[in-house]
Amino acid sequence: MPITPTSKIWMDGALVDWDQAQVHVLTHTLHYGTGVFEGIRAYATARGPAVFRLRDHLQRLERSAKVLSMDTPYSVDELYEAVRDTVRASGLDACYIRPLIYLGYGEMGLNPLPCESKVSVAVWPWGAYLGEDGLASGIRLKVSSWARHDSRAMPTAAKATGMYINSSLAKVEAVRAGYDEALMCTTDGFVSEGTGENVFVIRGGRVHTPPSSAVGALEGITASSVATIARDLGYDVVETLLRRTDLYVADEAFLTGTAAEVVPIASLDDRVIGDGRPGPVTKAIQEAYFAVVRGEDDRYKDWLDYVD
Ligand code: PPE
């Protein structure tokens, strides 16, 4: 789906026209993947657009930069205002928000320490990441032949641009084989995550998800929100190592992510999960999640940052 341009992008302290938000071809991050980013969503609510867990995302951005020894030239408070300004300038009720810290033009070579950090925030409308049909009916998943990064080789706790070669390789393989999404496992064969989503498995009424640090998965903000929502709905939520076969024999399974939201998994490796339709636990959690992000549930109002 092509990007729909909006009017302004925040670049290093100011809103610039969409078409002017450009970098030089010798930008360090373009060559070595030395950047960190976030994916955030703003939702339409009765009180206007609200950004979901904005501070949590910006704090993760700051932590990712720290892991890569990159300077963050703006504080979380400054970036918080930058995001709200950019969303406001777009005039959109709902959008996807992409803050990026990258190393700009000026130095080359593998030592990034002399490079200057640059920051941008772009917003655009982004619909259902894995399709409306996927959200409603579930998606088809395939275990990737690419293992998830080993945390001894890559800093899996950081949401860094270059890390996503791993996800892209897995995604291309899955899509070419006719699946919607890939499931990545560790080199030891434990379930890690989707290419841009965390994974949850339901068996015997209990909700299971892998411990992110042990399997090299990103510590998802949607996953932590969903775990809280699921517990408040009365479900047990446990972190445990899972094998691919745990999904084959699960009652239900779903993926979570800012872009993907809460997406039921219909099958893995052509093994239909449950009866292949979104199950009751998945549906209850999905419905509650959408009510929360749209500001319809007061218990979670601290998770919303209103733009106006
Ligand atoms: N794992 C990975 C690898 C990942 O990229 C994401 C987000 C998650 C888990 C879920 O994290 P969270 O959004 O905090 O719940 N992926 C972002 C980028 C997707 C893209 O295509 O780009 C996102 O969802 O914004």
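The values are calculated or read from the model by the stated rules, or taken from the named source; none is laboratory data. Quick caveat: nothing in here was measured; it's all calculated off a predicted structure. Quick reminder, even Gly has a Cβ in these numbers, built from the backbone with ideal geometry, and neighbours come from all protein chains shown. When the accessible area is computed, the model is the full protein with side chains, heavy atoms only, and any ligands, DNA or RNA have been set aside. Shrake-Rupley method; radii C 1.70, N 1.55, O 1.52, S 1.80 Å.
Taking Cα atoms only, the orientation of helix 280-293 departs from the longest principal axis of the chain by about 20 degrees.
The residues of the stretch 132-293 present an accessible area of 41 Å² per residue when probed at 1.4 Å with all protein chains retained. Each Lys and Arg adds +1 at its Cβ and each Asp and Glu adds -1 at its Cβ; summed about the Cα centre, the stretch 166-308 shows a dipole of about 360 debye.
Taking the protein heavy atoms of the stretch 8-124 in the context of the full set of protein chains, the accessible area attributed to carbon and sulfur is 49 percent at 1.4 Å.
Both radii were evaluated on the Cα set of the stretch 8-124; the Rg over Rh quotient, with Rh as the Kirkwood radius, amounts to 0.99.
Largest to smallest in accessible area, the residues Met1, Met11, Met163 fall in the order Met1, Met11, Met163 (1.4 Å probe, all protein chains included). Axis of helix 76-90 versus longest Cα principal axis of the chain: the two differ by about 90°, to the nearest ten degrees. In this simple spin-label model, placing a label point 7 Å from the Cα along the Cα-to-Cβ direction at both Tyr32 and Thr187 gives a separation of 2.3 nm.
Largest GNM mean-square fluctuation among Lys142, Lys283, Lys66, using the chain with Cα springs under 10 Å: Lys66. Summary of packing: across the peptides 82-88, 233-239, the per-residue average of other C-beta atoms within 10 Å ranks them, highest first, as 82-88, 233-239. Descending by average beta-carbon neighbour count within 10 Å, the peptides 190-198, 249-257 line up as 190-198, 249-257, the highest first. Compactness check for the stretch 132-293: Cα Rg over 2.2 N^0.38 Å is 0.94. Got a sec? Which residues in the stretch 165-185 would a label at Met1 touch, if it sits 7 Å along Cα→Cβ and we count backbone N under 17 Å? Under 17 Å, as judged by backbone N against the label point of Met1, lie 180-181 of the stretch 165-185. Full extension of the segment from Arg206 to Asp236, taken as 0.36 nm per residue of separation minus the current Cα-Cα distance, would add 10.3 nm.
The count of lysine pairs in the chain whose Cα atoms are under 28 Å apart, excluding pairs fewer than 8 places apart on the same chain, comes to 14. About its Cα centre, the dipole of the chain is roughly 440 debye, where the only charges are +1 on Lys and Arg Cβ and -1 on Asp and Glu Cβ. In the chain, with Lys and Arg counted as +1 and Asp and Glu as -1 at Cβ, which of these residues, Ala158, Ser168, Val87, has the Cα nearest the positive end of the dipole, that is, farthest along it? It is Ser168. In terms of accessible area, using a 1.4 Å probe and ignoring ligands and nucleic acids, Leu92, Leu135, Leu54 rank largest first as Leu92, Leu135, Leu54. Between Lys283 and Val175, the FRET efficiency from the beta-carbon distance, with R0 = 22 Å, is close to 0.25. Label 7 Å along Cα→Cβ of Asp308; the stretch 256-297 residues with amide nitrogen under 18 Å? 294-296, by backbone N distance to the label point. Just to confirm the number: angle between the C-alpha axis of helix 54-67 and the first principal axis of the chain, 0 to 90 degrees, nearest 10? For 54-67 against the chain, the angle is about 70 degrees. Take the alpha carbon gyration tensor of the chain, find the square roots of its eigenvalues, order them as a ≥ b ≥ c, and report rounded if a/c is under 1.5; if not, report prolate when a/b exceeds b/c, else oblate. In terms of gyration-tensor shape, oblate. Potential lengthening of the chain between Val272 and Met154 amounts to 39.2 nm, from the contour at 0.36 nm per residue minus the alpha-carbon distance.
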